[in-house]
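Student: Take a look at the following structure, please.
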Amino acid sequence: QVDAFYASIILFVGRVWDAITDPMVGFFISKTSWTRFGRLMPWIMFSTPFAIISYFLIWFVPDISTGQVMWYLVFYCAFQTLVTCFHVPYSALTMFISREQSERDSATAYRMTVEVLGTVLGTAIQGQIVGKVDTPCVGSPFFFGLTNSSVAMEELNMTHDTGGLTDTRNAYMIAAGVIGGLYILCALILVLGVRERRESCELQSDEPVSFFQGLKLVMNHGPYIKLIAGFLFTSLAFMLLEGNFALFCTYTLGFRNEFQNILLAIMLSATLTIPFWQWFLTRFGKKRAVYVGISSAIPFLILVVVLDSNLFVTYLVAVAAGISVAAAFLLPWSMLPDVIDDFKLQHPSSRGHEAIFFSFYVFFTKFTAGVSLGISTLSLDFAGYQTRGCSQPGQVHFTLKMLVSAVPVGLILLSLLLFKLYPIDEEKRSKNKKALQDLREESNSSSESDNTELASIV
């Protein structure tokens, strides 16, 4: 029951705060000392219980007449911060469990498979629990006559809110409890099942530098900037598609009762095809996998708006979109460790910057989510979108077609051009792997000779 304007303010401020916390958490992680649990795991352990509490309070409706906006703003920002304290070290763990490229690629594939599976579970749980509550659409005020349309709309909303508000509130609380329980379970599996290896990410001869010096070095690393740019536009394309596909199915295609199943089809398709893309990148290389995987959605995105409303075609597009979503999820994260290895070769005297690389990667993921939300909201509002309306004006249908087809296709093409400029191909990866191995052997032999010399002196 919060006004739409204040709800938008909460989301916007929360996204801005989230953007600030990502590099902040990366900074504090880079300054964290190693413990018996590791360097990253304590962040995950201590943030989890507070994240669960703040998530639950986001869906709780306080019994206060004023201050609800501040309540949701505080706990939304708190939850974003605590999730960052989980997600940045969780993502950076890839660099701390192995120094072998193939093992890191495999770990990334497993990680992204389960992340997408978690998204499927979250979508199913939230959708099925909340979806069972009857929330009928609201007819256009023109149906009530021009003279008393506002009165009729107010009476209709009041009747609906009185009858369904309590059930809706309870449904959201139940869903929050179930998802919170899954959060705790997965965090326990991670903490108990994964061990960091300090030697996997550091060269013994490295000397640490300050965070801001490291940040300057990281942001001046050409391959990283090119990868982030391609990743940015790819993420924005698929977030626009996913964020508006439910509205597109409901209003433009007329499949109001099918959109939850269509969304599940997208995520299940993505989950099942991540292992295929992992095999493809090991067989044909990562850059070729990017070109094939991300571009495969283009013909289907065009098809869904060109053809008349057809449920079979819609499910076909959902499956095809899921295949490309899998590539968009997996490949940029799989390419990031290669960039870090390349950085280490160019800056062998600088270490401990893995959290910086991953924190800005996470930041750009969330940044694109915020941009996608802003573009969608402003575009639909400008087109005359009616919240909970049974039907929408023609301008809204045209806008939805743009948001799920033309704009994502343009962004995908732009991202492919940027990935073309990305310099680390399979030949470069092999050279970097050999050079890093030689550098580590040289570092180890130097350390052993120093120990031998010290022992002889003693």
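Student: Please find, within region 1-34, the residue that is most open to solvent (accessible area, probe 1.4 Å) out of those that are farther than 23 Å from Leu93 by Cβ and not in a helix (DSSP H, G or I).
Tutor: Ranking the candidates gives Gln1 first.
Student: Now for a separate question. Quick one: is Ser309 surrounded by fewer than 21 Cβ atoms within 10 Å (Cβ to Cβ), touching a Gly at 6+ places or on another chain (Cβ under 7 Å) and in contact (Cβ under 8 Å) with a residue 12 or more places away in the chain?
Tutor: Yes.
Student: Then there's this: Just to check your reading of the model, which residue among Gln68, Gln80 is open to solvent by 30 Å² or more (accessible area, probe 1.4 Å) and more than 30 Å from Asn432 (Cα to Cα)?
Tutor: None of the others qualify; the one that does is Gln68.
Student: Taking interchain pairs and intrachain pairs at least six residues apart, which have beta carbon atoms under 9 angstrom, with the first residue in region 105-116 and among the hydrophobic types (A, V, I, L, M, F, W, C) and the second not in a helix (DSSP H, G or I)?
Tutor: Qualifying pairs under 9 Å: Ala107/Ile97; Ala107/Ser98.
Student: Checking Ser47 against (1) part of a helix (DSSP H, G or I); (2) over 20 Å from the mean Cα position of the chain (by Cα), only one condition comes out false. Which one?
Tutor: (2)
Student: Out of everything in region 414-439 that is free of Cβ contacts under 8 Å to residues at least 40 places away in the same chain and not charged (D, E, K, R), what residue ends up being farthest from Leu240 (Cα to Cα)?
Tutor: Gln437
Student: Related question: Here is a list: Phe60, Phe56. Which entry is in contact with a Gly (Cβ under 9 Å, 6 or more places away or on another chain), open to solvent by 40 Å² or more (accessible area, probe 1.4 Å), in contact (Cβ under 8 Å) with a residue 40 or more places away in the chain and among the hydrophobic types (A, V, I, L, M, F, W, C)?
Tutor: Phe56
Student: Listed residues Ile174, Ile179, Ile266; which is modelled with pLDDT under 90 and either on the phi < 0 side of the Ramachandran plot or not in a helix (DSSP H, G or I) (or both)?
Tutor: On inspection, the qualifying residue turns out to be Ile266.
Student: When you look at Phe37, is it open to solvent by 70 Å² or more (accessible area, probe 1.4 Å), under 22 Å from the mean Cα position of the chain (by Cα) and at pLDDT 80 or above, yes or no?
Tutor: The answer is no for Phe37.
Here's the yes/no breakdown for (1) buried (at least 20 other Cβ atoms within 10 Å of the Cβ); (2) touching a residue at least 60 places away in the same chain (Cβ under 8 Å); (3) not in a helix (DSSP H, G or I):
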{"position": "Phe363", "(1), (2), (3)": "yes, yes, no"}
{"position": "Gln386", "(1), (2), (3)": "no, yes, yes"}
{"position": "Gln395", "(1), (2), (3)": "no, no, no"}
{"position": "Leu403", "(1), (2), (3)": "yes, yes, no"}
{"position": "Val409", "(1), (2), (3)": "no, yes, no"}
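Student: Just a yes or no: is a residue in region 286-305 of a type outside the set (A, V, I, L, M) and not in a helix (DSSP H, G or I)?
Tutor: Yes, because at least one residue in region 286-305 is of a type outside the set (A, V, I, L, M) and not in a helix (DSSP H, G or I).
Student: Ok, one more. Could we say that Leu247 is among the aliphatic types (A, V, I, L, M), modelled with pLDDT of 80 or more and outside the structural domain of Val371 (by the TED database) here?
Tutor: no
Student: Of the residues in region 252-270, how many are crowded, with 22+ Cβ neighbours inside 10 Å and touching a residue at least 60 places away in the same chain (Cβ under 8 Å)?
Tutor: The number of residues fulfilling the criteria is 3.
Student: For region 16-34, name all the residues that are at pLDDT 80 or above and of a type in the set (Lys, Arg).
Tutor: Across region 16-34, there are no qualifying residues.
Student: To continue, here is another question. Just to be sure I understand, how many residues within region 336-377 are among the aliphatic types (A, V, I, L, M) and farther than 17 Å from Pro408 by Cβ?
Tutor: 7
Student: Moving to a separate point now. Residues being touching a residue at least 60 places away in the same chain (Cβ under 8 Å), open to solvent by 30 Å² or more (accessible area, probe 1.4 Å) and either more than 22 Å from Leu316 (Cα to Cα) or in the same structural domain as Ser102 (by the TED database) (or both): count how many of those fall in region 279-299.
Tutor: Count: 2.
Student: Additional query: Looking at region 329-338, is at least one residue closer than 25 Å to Leu418 by Cβ and charged (D, E, K, R)?
Tutor: Checking region 329-338: at least one residue is closer than 25 Å to Leu418 by Cβ and charged (D, E, K, R).
The values are calculated or read from the model by the stated rules, or taken from the named source; none is laboratory data. Remember, it's a predicted structure, so these values are computed and weren't measured experimentally. Quick reminder, even Gly has a Cβ in these numbers, built from the backbone with ideal geometry, and neighbours come from all protein chains shown. Just so you know, the surface numbers come from the protein's heavy atoms only, side chains and all, with ligands and any DNA or RNA stripped out. Shrake-Rupley method; radii C 1.70, N 1.55, O 1.52, S 1.80 Å.
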